[in-house]
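K.L.:
Dropping the structure in here first, questions after.
The values are calculated or read from the model by the stated rules, or taken from the named source; none is laboratory data. Please read all numbers here as calculations on a predicted model, not as lab measurements. Cβ placement follows ideal geometry from the backbone for every residue including glycine, while neighbour counts extend to all protein chains displayed.
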Amino acid sequence: MSSFRSDLWCMAFVRRHNDMGNMCVVARRGDPIAGQIFIEVDHLDGTCSLFTPAPTISRGDSAGQMFQRRFARVEPAKVRERIDQEISFDPDLWVLSIDLRGDDPGIDMVREPKA
């Protein structure tokens, strides 16, 4: 089974969060079929988190979008810098931006390694 198109997945994500009362927008449109998706979370307290696609090897048998937490509650400039770095070599990237006080954007995530 293959993954959803990027544009359809992004539109569903944005609509679901806006329906739940979370402000969510497409900050950057990428390739409609296979663009990678980054999710930028503004925690409304001066910090941001960034979720990026999980490496294929860590997804297991899952056919859907799987994410990993790249940054957790860091300065917004650090998240913006990472997104800009990715865009410089992958112009097909999607960026979704959501205002969310909590830490769970409601996405499938790979397990984080224990420290």
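K.L.:
I'd like the residue in segment 1-53 that is out of contact with any strand residue (DSSP E or B) (no Cβ under 8 Å at 6 or more places or on another chain) and among the hydroxyl-bearing types (S, T, Y) and, out of all such residues, is nearest to I87 (Cα to Cα).
P.N.:
Ranking the qualifying residues of segment 1-53, first place goes to S3.
K.L.:
Could you please tell me which pairs satisfy a Cβ distance under 6 Å, a separation of 6+ or placement on different chains, a first residue in segment 22-34 that is charged (D, E, K, R), and a second residue that is outside any strand (DSSP E or B)?
P.N.:
Sorted first by the residue in segment 22-34, then by its partner, the pairs are D31/D92.
K.L.:
In segment 30-40, what residues are under 17 Å from M109 (Cβ atoms) and either surrounded by fewer than 17 Cβ atoms within 10 Å (Cβ to Cβ) or at pLDDT below 95 (or both)?
P.N.:
Selection gives Q36 alone.
K.L.:
OK, next. I'm trying to understand the selection: among the residues of segment 41-59, which are under 19 Å from R111 (Cα atoms), small (G, A, S) and modelled with pLDDT of 95 or more?
P.N.:
Scanning segment 41-59 gives a single hit, S49.
One line per residue, one yes/no per condition, for (1) among the charged types (D, E, K, R); (2) part of a helix (DSSP H, G or I); (3) closer than 18 Å to D103 by Cα:
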{"residue": "F4", "(1), (2), (3)": "no, no, no"}
{"residue": "D7", "(1), (2), (3)": "yes, yes, no"}
{"residue": "V14", "(1), (2), (3)": "no, yes, yes"}
{"residue": "D31", "(1), (2), (3)": "yes, no, no"}
{"residue": "F38", "(1), (2), (3)": "no, no, yes"}
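K.L.:
Given (1) surrounded by 15 or more Cβ atoms within 10 Å (Cβ to Cβ); (2) closer than 17 Å to S6 by Cβ, where does H43 come up short, assuming only one miss?
P.N.:
Among (1) surrounded by 15 or more Cβ atoms within 10 Å (Cβ to Cβ); (2) closer than 17 Å to S6 by Cβ, H43 violates only (2).
K.L.:
Among the residues of segment 81-111, count how many are outside any loop (DSSP other than H, G, I, E, B), surrounded by fewer than 17 Cβ atoms within 10 Å (Cβ to Cβ) and touching an Asp or Glu at 6+ places or on another chain (Cβ under 8 Å).
P.N.:
Residues in segment 81-111 being outside any loop (DSSP other than H, G, I, E, B), surrounded by fewer than 17 Cβ atoms within 10 Å (Cβ to Cβ) and touching an Asp or Glu at 6+ places or on another chain (Cβ under 8 Å): 1 in total.
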